[in-house]
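Inspection log for the structure reproduced underneath, given as structure tokens.
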């Protein structure tokens, strides 16, 4: 992108003056274009068809829109729904839709589009990650621009859930091909996608507020290697890199042409264990693995110190959080005793599957060294992201895997039958059902605390840390999120100062 601009300037009287300008003034050229770096390429562009968070990083609020919009502070504001009223029992919600909205193909977006989208998401054939949520929703069309959602369970977080990528409103006739030819209602359309390299979106002038969108063209470049991420930023080949590998942060902080944003998250980085595999079915073995791991050392080595230890699948700052890190502290001697109690013959050989993200590859080596000290030989198996999604997540083909679960409200996955880690607990299921039926915040908070303690006591996984995300960008780029409750690059809100 930048080489084209330079060739336009070359030979003109402006060239000398332009080259004298500090980067990024000349590198930006026309101020209506942007290049973003992403560590992971999405497997497709339909967030209702796959679990990869990289899909939402490209399409959410850009190509596709939802009824509500999640903001950086975790609050919710209107998007395709202009207003709403929650039922007193927290089991219904009436939403009034924005009028005059069209999909990119000219079809109207209305109450029937909402009904189709949610019925599709909850259907038997659905591959939506949040299928269980939509399966308990019934969508009633009151008129062309009003819908009432009825839930079979209490859902106090419904408005937040309606702003996530799995709740996008799709156009019925084009929904089946959204993975490669996405049709939404958002401010951008897909222009091109060169697999393995880059994807470009262009502003859609048919959007209801197109005049307020400053960036006419945005290119996502996919760069997995940490050194290449740094090189691309330094060369000006990318203008911003959300969730860049944090190891590079110090050198960018020292350069005035960059801004560095450290964002909070609702993510949980865990060493997930496959409960269907022996001897991981034994709680003592799982607790031994957890006790063998020094969370602080993992945070330093895998996340460059940017994280807070967690003892369960819940993070500081979330409603009802309790600190459970003391239930499974770092204790190698305890780990050895537990393995002996379980009758495990040492050395115990396990496979540790690592997706391509730097935190996983770096953290995997650190964790393998810690496990070796208590007699567990973790064989590192590096896989690409598509392999992780298909083999580890899809086919449950793994012993251990190091992964960040970035969804804010995913405690319910531990009650989900057939989920990839195979945890089955009637006690947890009962507790989660009580949470779902609890309308009083005080009761809900108490039950959430009980659920966190149970997961910690069961040593379901080795729960490691809540990561913080680092974004490095040209100093004149505005509109980047300061915190990231969900993975989003909200392009309509970005512009050059």
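Computed from the coordinates by the stated procedures, all read-outs in this text should not be read as laboratory data. Note that the structure is predicted; figures quoted are calculated from it, not measured. Every residue, glycine among them, receives a Cβ derived from its backbone with ideal geometry; neighbour counts consider all protein chains shown.
Structure notes:
- Protection proxy ranking, peptides 360-368, 424-432, average beta carbon neighbours within 10 Å, highest first: 360-368, 424-432
- The order of 478, 295, going from fewest to most other C-beta atoms within 10 Å of their C-beta, is 478, 295.
- Equivalent ellipsoid semi-axes - Cα gyration tensor, the chain, angstrom: 38, 32, 19
- Translational diffusion coefficient (Stokes-Einstein; Kirkwood radius from C-alpha pairs) of segment 268-467 at 4 °C, 1.567 mPa s, in µm²/s: 76
- Column: log10 I(q)/I(0), Debye, Cα scatterers of segment 111-161, q = 0.21, 0.24, 0.29 Å⁻¹: -0.74, -0.94, -1.18
- Per-residue [θ]222 nm for the chain (sum of -39500 (n - 2.57) over DSSP H runs n ≥ 4, rounded to 500): -7500 deg cm²/dmol
- Once the C-beta distance of residue 146 and residue 179 is scaled by a Förster radius of 25 Å, the resulting FRET efficiency is 0.25 to the nearest 0.05.
- Counting DSSP beta bridges with both ends in segment 268-467, the antiparallel % (nearest 5): 55
- Percent antiparallel among DSSP beta bridges (both partners in the chain, rounded to 5): 75
- Equivalent ellipsoid semi-axes - Cα gyration tensor, segment 64-177, angstrom: 19, 17, 14
- Near-label residues of segment 377-401 by backbone N, under 17 Å of a point 7 Å along Cα→Cβ of residue 195: 384-391
- Projected label distance in nm at residue 365 and residue 445, using a 7 Å step from Cα toward the beta-carbon: 4.4
- Calculated FRET efficiency, residue 319 to residue 424, Cβ-Cβ distance, R0 = 41 Å: about 0.95 to the nearest 0.05.
- Estimated inter-spin distance, residue 212 and residue 262, nm [label 7 Å along Cα→Cβ]: 3.3
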